[in-house]
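What follows draws every value from the coordinates through simple rules; no lab data is involved. The shown structure was predicted, so the numbers you read here are calculated from the model rather than taken from an experiment. Neighbour counts run over all protein chains shown; Cβ positions are idealised from the backbone, glycine included.
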Amino acid sequence: MPLSNYLPAPGGPGLEPRWTSSAKSGVGTAFDGRSLVWFTISHGILDEVYYPRVDQANTRDLGLLVTDAGAPNDAPFFSEEKRDTRSVVHLLAAGVPGYRLVNTCTRGRYEIEKTIVADPERDVVVQRVRFRALVGALESYRVFALLAPHIGNQGYGNDAWCDEYKGIPMLFARRGDVSLALASSCDWRARSCGYVGVSDGWRQLREHRRLVDEYTEAPNGNVALTGEVDLEAGRRVVDDHPVAEFVLALAFGGGPAEAAQRARMTLASSFDRIAEAYVREWQSYHERTLGPEPPGRALTPDDMRVSAEHELAALANGATHTDALAGSGDPRDRTPIDLPVSVVDLYRTSAAVLACHEDKRAIGALIASLSIPWGQTKGDHELGGYHLVWPRDLVEGAGALMAAGHCNLARRTLRYLVSTQEADGRWPQNMWLDGTAYWRGIQLDETAFPILFAELLRREDELKDLDPWPMIRKASAFIVRHGPVTEQDRWEEDGGYSPFTLAVEIAALLVAADCADREGHHETASVLRETADAWNDNIERWTYVSNTEFARLAGVDGYYTRIAPPEAGDASAGADALPTGYVAIRNRPVGSDRARYEHLVSPDALALVRFGLRDANDQRIRNTVRVIDALICRRTKTGPTWHRYNDDGYGEHEDGSPYESDWRRDATRVGARRVCEAGALAARRRGLRHAGSAV
């Protein structure tokens, strides 16, 4: 270590690591393929940064701490940006995933304005920070950057140290073959690294409001890096107010020198030029996005979301299917209704957010989400989070982007699916970008969706040089061999006869049959078609229940259940050892972890309409909608919402705490909830007699 005052941090390896909130207010990446970083934002700060793949998180968060300057007359002051400010997020332009954050101290002492983008030319997340004192002068405050490395999806096993790169002081971390470097355009007045909860900078600042011990090394642990920014070096006047302005560059590389060199390159460039290039590339992307044109100004994401919710709720009550279909020409080239600005903004932003989830080397692969659910409770054992590829989510995300006009991405996705198909024809439940399975369940809808996706490309004449028949042949054969019972349903919880899975399976087999005919394999086509027809004829026998308590209370003869156990038909699928007619309810305490299958209701049966197997006006569908709306629909100020199914154990508690935090609390509520469900059905029965179908 070249620093003259070598001082290793005590207390390794630190507290057990945790991730951060999945309630993101922004995600972003440069559209340019040269930049292999993806970033997330919540609570006014930078959260997980992914590099060099979209499935590899390398930080927990990077935020600022503010203290008094330590003058004799200064009152003690400590403030953490992510906890002690009110944050407003602005888009840099309509539909562009670049952000300007304004964080105002809840005690009215300061304001922080941050503009965050990725450098389009290198692997660096860069943010320009403007610190403004609202009470007192700039020299009354100290500002520190606090970085928590979690390299390679791991909080433990990180090395942190303070060093220089060609005379430039920086903060470093490394784990395996990934390194990061944090550099500032203004000098660091002080630096330290330590073990979280023992010797990290946060603890020093909370107690002393300055870095008392400047530790230079903290190997092999859950570590944090802290640097004090030289505010005086960044002093300038912006809009007639004195501010301290500085740029933070968080760079990544295969080694510390490579990361440091990239950070220095970014700091040597104009931040405005970097941000303008970032925005320009995304605006070019939107030139190919079909649909409504963006407005002249960008709304904040919060305003956009709230306004869009209200506007869409009003439109849903007033518009009809006929209104949406009026007109001529390609429906993707026009707006079917007069959309308000907030909805147009939301549409463009959504198209960008979906594109942000595509990897830049495993092109065509979209992860489910740049987040870790309830990350603040998850440690190293939760390796995957949501930054994995689910074939179902991949097809639906790529299909949405195809509808928005981005057919090149859809072709990339089909190639990716071809490359990750297993030898027996299926796809993993979820997987890393290289196709390695993470969870190993079998969900037959995830084998069927790629078949439907290939057909979508064919119908749109977008296959080009792709030949999907080998993929379709293997996938359809797997479905025939293992269906119709699925080992897991779409919610990854139970095996059996799922109306949703059945709908996707049958539709996929019919598509595969047509493809086989085109390829001249007529006998194969006949087998596929006959299998699909046989399964279709048995959907009601397997999944439609009649004369139940819920049916009587709703005033209908029956409804499609959420899932029926394998013994409901003649097949079997290795279900859990449960009494006949029962289905396991996951994420519930013992005693509340099973239910009669006819007592579970879900919107999943609407897939029978979506995939063309049942008419929306089929009385069985209408009956099911009545039960769904009575049992699991909840009215909100922005319109109706629906639970996945009744008595679902997944999701946070009513007080917002993570779902797995206290199952004992659940156990006291389950019985009362089931009584309330029956009461809700009875209370709504009269209204249901006059209600129209919501299909």
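Just going by the charge dipole of the chain, with Lys and Arg at +1 and Asp and Glu at -1 on Cβ, which of Val129, Gly253, Pro565 is farthest out on the positive end?
Val129
Restricting to DSSP H runs of at least four residues, report the calculated mean residue ellipticity at 222 nm for the chain, -39500 (n - 2.57) per run over all residues, nearest 500 deg cm²/dmol.
One gets -10500 deg cm²/dmol as the mean residue ellipticity at 222 nm.
Relative to the present Cα-Cα distance, how much length would full extension add between Ser419 and Tyr650 at 0.36 nm per residue of separation?
On the way: separation 231, 0.36 × 231 = 83.16 nm, distance 3.25 nm.
Length gained, Ser419 through Tyr650: 79.9 nm.
Using modelled amide H (1.01 Å from N, peptide plane; none on Pro or chain starts), what sits under 5 Å from the amide H of Arg189, excluding residues fewer than 5 places away?
Sorted by chain and number, the residues that satisfy this are Glu228, Val229, Asp230.
What FRET efficiency comes out for Thr580 versus Arg83 if R0 is 56 angstrom and r is the Cβ-Cβ distance? Round to the nearest 0.05.
Efficiency, from the Cβ-Cβ distance: 0.60.
Compute the separation of the alpha-carbon centres of the stretch 126-174 and the stretch 41-111 and state it in Å as a whole number.
12 Å
Mind running the shape call on the stretch 26-286? Use the C-alpha gyration tensor, a ≥ b ≥ c as the square roots of the eigenvalues: rounded below 1.5 for a/c, prolate if a/b tops b/c, oblate otherwise. Let's see the in-between values first.
Details: a/c = 1.66, a/b = 1.13, b/c = 1.48.
Note, shape of the stretch 26-286 comes out oblate.
Can you give me the span-like helices of the chain, meaning DSSP H runs with 15 Å or more of Cα extent along the axis and Kyte-Doolittle mean at or above 1.0? Intermediate values should be presented prior to the final figure.
Numbers: long enough: 256-267 (16 Å, -0.45); 271-286 (23 Å, -0.96); 301-318 (25 Å, -0.39); 341-356 (22 Å, 1.29); 391-403 (18 Å, 0.40); 407-420 (20 Å, -0.04); 444-459 (23 Å, 0.44); 469-482 (19 Å, 0.15); 499-518 (29 Å, 1.16); 522-537 (22 Å, -0.93); 619-632 (19 Å, 0.20); 663-688 (36 Å, -0.63).
Sorted by number, the helices that extend far enough and score high enough are 341-356, 499-518.
Going 7 Å from the Cα of Arg518 toward and past its Cβ, which residues in the stretch 440-455 have a backbone nitrogen under 14 Å from where you end up?
Under 14 Å, as judged by backbone N against the label point of Arg518, lie 451-455 of the stretch 440-455.
Only one of the listed values, (i) 140, 73, 47; (ii) 156, 99, 43; (iii) 81, 59, 49, was derived from the coordinates as Cα extents along the principal axes in Å; which label is it?
Of the listed options (i) 140, 73, 47; (ii) 156, 99, 43; (iii) 81, 59, 49, (iii) comes from this structure.
Within the stretch 106-128, what residues put their amide N at less than 18 Å from the label point 7 Å along the Cα-to-Cβ vector of Arg235?
Flagged as within label range: 111.
Hey, can you grab everything whose amide H is under 5 Å from the amide H of Trp374? Only 5+ residues off in sequence or another chain; H modelled, so Pro and N-termini drop out.
Answer set, sorted by chain and number: Ser22.
Please give the charge dipole size of the chain, origin at the Cα centre, charges +1 on K and R Cβ atoms and -1 on D and E Cβ atoms. Round to the nearest 20 debye.
1140 debye
To make sure I understand, if each residue's beta carbon is the centre and we count other beta carbons within 10 Å, what order do Tyr215, Tyr386 fall in, fewest to most?
Placing the least packed residue first, the sequence is Tyr386, Tyr215.
Determine, for Val129, Val609, the number of other Cβ atoms within 10 Å of each Cβ, and report the residues in order from fewest to most.
Val609, Val129
May I have the count of lysine pairs in the chain with C-alpha atoms under 24 Å apart, counting pairs 8 or more residues apart or located on different chains?
Final tally of qualifying lysine pairs is 9.
Farthest toward the dipole's positive end in the chain, which of Pro52, Ile539, Thr20, given Cβ charges of +1 (Lys, Arg) and -1 (Asp, Glu) about the Cα centre?
Ranked along the dipole, the leading option is Thr20.
For a footprinting-style exposure proxy, rank Leu463, Leu147 by other Cβ within 10 Å, fewest first.
Leu463, Leu147
Evaluate the charge dipole of the stretch 26-286 about its Cα centre and quote only its size in Debye, nearest 20, assuming +1 on the Cβ of each Lys and Arg and -1 on the Cβ of each Asp and Glu.
280 debye
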